[in-house]
Structures are given as C-alpha cells and as structure tokens.
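**Q** Supplied in structure tokens, the structure appears directly below.
The values are calculated or read from the model by the stated rules, or taken from the named source; none is laboratory data. Just so we're clear, the structure is a prediction, and the values are computed from it rather than from any experiment. Cβ coordinates were reconstructed from backbone atoms using ideal geometry, including for glycine residues, and neighbour counts include every protein chain displayed.
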C-alpha cells in the first residue's frame with residue numbers, strides 16, 4: 001500500500017512542477033508576442049488588397065470563415081468587424097477594431113476574443129509593408145494578453161502555435177499574391 005502513496009505523491013509533484021514551469025515560462029519578456037515576415041515579389045499596393053478585401057483575406061488566413069462589418073458608415077480607424085475562425089469543432093469569435101491606417105504601408109488593429117471570458121484575450125497588432133524595387137516585405141507583429149487563468153498558464157504553449165500559424169498564413173499570402181500578374185488591382 002505504501003507504494004501506491006509514493007506513486008500518487010510522485011504524480012502530484014510532477015503536476016506541481018509542470019504548472020510551476022508553465023507559470024515561469026509565461027513570465028518571460030516575450031510572452032504573448034507574435035511576429036512574422038515575408039517578402040512578396042509584388043508592389044505594396046498589390047499586397048495591400050489582400051489585407052483590406054474581405055474575400056481575399058479569407059483566402060490566406062487559415063480558419064477565417066466570416067468577416068462582418070458591424071459599424072455601418074465607418075471605414076478606417078474606429079471601424080469594428082466581427083471575425084470568426086474555425087478549427088475542426090472549435091470556433092473563435094473576435095471583434096476587430098481598426099486603428100491607424102496608412103495605405104499601403106501600415107495598419108494597426110486590436111482583436112478582442114468574444115464568448116467565455118475565462119478564455120478571453122486582447123491582441124494589439126500591426127501590419128507593416130516596406131516596398132523596395134517592386135518587392136514588398138510584409139511584417140505582422142502583435143502582443144496578446146490572455147484574461148483567464150488557464151489560458152494565461154497555457155500561453156507558453158499557445159504562442160509558438162500562433163507563430164507557426166502566422167508563418168503558414170504569410171506563406172499562403174505570398175503564394176496568392178505572386179500567382180497574380182504584376183499590377184493586378186493596383187490603382188494608378
């Protein structure tokens with residue numbers, strides 16, 4: 001019977017160490033920070049369309065199934081959108097509030113997770129487009145704060161997965177834009 005208590009004690013110690021490790025990892029300076037970048041062989045105005053056209057955005061952001069504009073008559077800073085991303089049986093609803101926009105160079109926005117507050121988050125992000133010789137470097141960087149105890153604890157596992165998704169999405173953006181002839185949709 002003594003061995004049962006030792007095994008149970010060992011399991012409890014492992015659980016406590018695991019939780020403590022996640023908690024400490026969540027206190028690192030880069031917690032909740034995501035960033036990704038890609039160089040696209042097209043001008044910035046051609047790339048910009050994929051950031052501002054709902055149907056084009058849904059083609060490169062994996063899981064994004066719905067974009068609804070919820071502030072009629074407002075376009076640009078202050079505009080609010082409702083986004084829905086689906087992953088298998090799980091769906092995430094978010095409200096996006098547009099911040100500063102300098103077309104076709106920079107766009108700032110804030111995302112708020114909707115639904116269960118214990119799984120909530122606030123993300124402040126921006127796209128930066130830097131054009132040089134007809135090629136555009138697109139960088140998306142964001143800082144996410146998680147509101148619920150469990151998601152805050154799981155942040156060290158969530159952030160690397162978000163970075164992976166971001167890299168895949170940016171690669172898809174590059175492929176889609178470069179599949180178009182140069183100058184497609186560009187305003188002259």
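**Q** Mind listing whichever residues of region 76-123 are assigned to a strand (DSSP E or B), touching a strand residue (DSSP E or B) at 6+ places or on another chain (Cβ under 7 Å) and under 18 Å from residue 158 (Cα atoms)?
**A** The answer is 85, 86, 91, 92, 93, 94, 111, 112, 113, 121, 122, 123.
**Q** Another question, if that's okay. Residue 148 fails exactly one of the following numbered conditions: (1) at pLDDT below 95; (2) over 23 Å from residue 83 (Cα atoms). What is the number of that condition?
**A** (2)
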